[in-house]
1. Sort B:34, A:100 so the one with the fewest other Cβ atoms within 10 Å of its own Cβ comes first.
2. What whole-number distance in Å separates the alpha-carbon centres of segment A:44-61 and segment B:6-29?
3. Going by alpha carbons, how many degrees (0 to 90, nearest 10) lie between the helix axis of A:2-26 and the longest principal axis of chain A?
4. Can you check how the C-alpha radius of gyration of the protein assembly as shown compares to 2.2 N^0.38 Å, as a plain ratio?
5. Could you give the size of the charge dipole of segment A:2-89 about its Cα centre, using +1 on the Cβ of each K and R and -1 on the Cβ of each D and E, expressed in debye and rounded to the nearest 20?
6. Compute a Gaussian network model of chain B, connecting alpha carbons closer than 10 Å, and tell me which residue from B:59, B:33, B:50 fluctuates the most.
7. Could you tell me whether segment B:2-79 comes out rounded, prolate or oblate from its Cα gyration tensor? Rule is a ≥ b ≥ c as square roots of the eigenvalues, rounded for a/c under 1.5, then prolate if a/b exceeds b/c, otherwise oblate.
8. How about segment B:7-81: which trypsin sites (Lys or Arg not before Pro) there are in a DSSP loop, with at most 13 other Cβ atoms within 10 Å of their Cβ?
Amino acid sequence: MKGFFSLFLMFIGGLFNLFGCIGLVRLPDVYNRLQASTKCVTLGTCCILLSVLISGPVNISLKAFLTIIFILITAPTAAHAISRASYKSGVNLWEGSVCDKLKEEKK
Amino acid sequence: MITYLFTVLLLCSFLCLYRISRGPSVADRVVGIDILGIIVVNFSAIVSYITRTDFYLNISLSWALLSFIGTIAVSKFLEGKGFDE
């Protein structure tokens with residue numbers, strides 16, 4: 001049962017990683033790419049580390065748990081920093097975008 | 001299952017390398033490098049699952065830390081600010 005659940009989580013994690021990287025290539029804008037890739041790859045990494053956590057002895061489980069907590073804290077922070085820096089360095093939005101709240105705020 | 005995971009993660013790495021090499025702006029390349037760092041964390045966790053040792057999870061944790069610090073440094077540099085403001 002534990003082995004089956006571990007393999008299932010690995011399958012889901014690999015699939016989410018693949019979807020995130022396809023979004024990184026296919027989407028038209030920096031902000032769209034950042035959103036798709038960061039969310040999907042974070043979830044896939046957490047699934048794979050969770051499968052390592054439930055299938056190993058105590059020392060492996062503890063380090064996998066620490067890595068999950070660390071990834072969950074740092075990945076959104078890095079994405080926020082990148083998007084803020086790209087807006088301030090003058091990367092334009094895609095022409096199909098409908099809403100720019102930061103520009104309305106600055107007026 | 002291990003063959004499937006290595007195939008999928010290798011495909012993800014090549015997609016990230018495509019975005020790093022062909023990105024129109026600097027921010028695209030920074031996004032690609034960030035995602036590539038998290039993919040390397042995945043690789044190291046799977047090697048730890050195969051060999052049943054916790055040594056590779058140390059590599060995974062420290063690689064996540066270094067990738068985060070590098071991304072923050074490059075984005076601060078891109079924003080045109082110093083580190084303390």
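Each reported figure results from applying straightforward, stated rules to the coordinates on display, with no laboratory input. From a predicted model like this one, the values you see are computed outputs, not experimental measurements. Cβ coordinates were reconstructed from backbone atoms using ideal geometry, including for glycine residues, and neighbour counts include every protein chain displayed.
1. Numbers: B:34 28, A:100 11.
Final ranking by Cβ density, sparse to dense: A:100, B:34.
2. That distance is 26 Å.
3. Tilt relative to chain A: about 20 degrees.
4. Details: Rg = 17.4 Å, N = 192, 2.2 N^0.38 = 16.2 Å.
Against the compact-globule rule of thumb, the ratio is 1.07.
5. Charge dipole of segment A:2-89: 120 debye, to the nearest 20.
6. So, out of B:59, B:33, B:50, the one fluctuating most is B:50.
7. Working: a/c = 5.74, a/b = 1.51, b/c = 3.79.
Because a/c hits 1.5 or more and a/b fails to exceed b/c, segment B:2-79 counts as oblate.
8. Listed in order of number, the matching sites are B:52, B:81.
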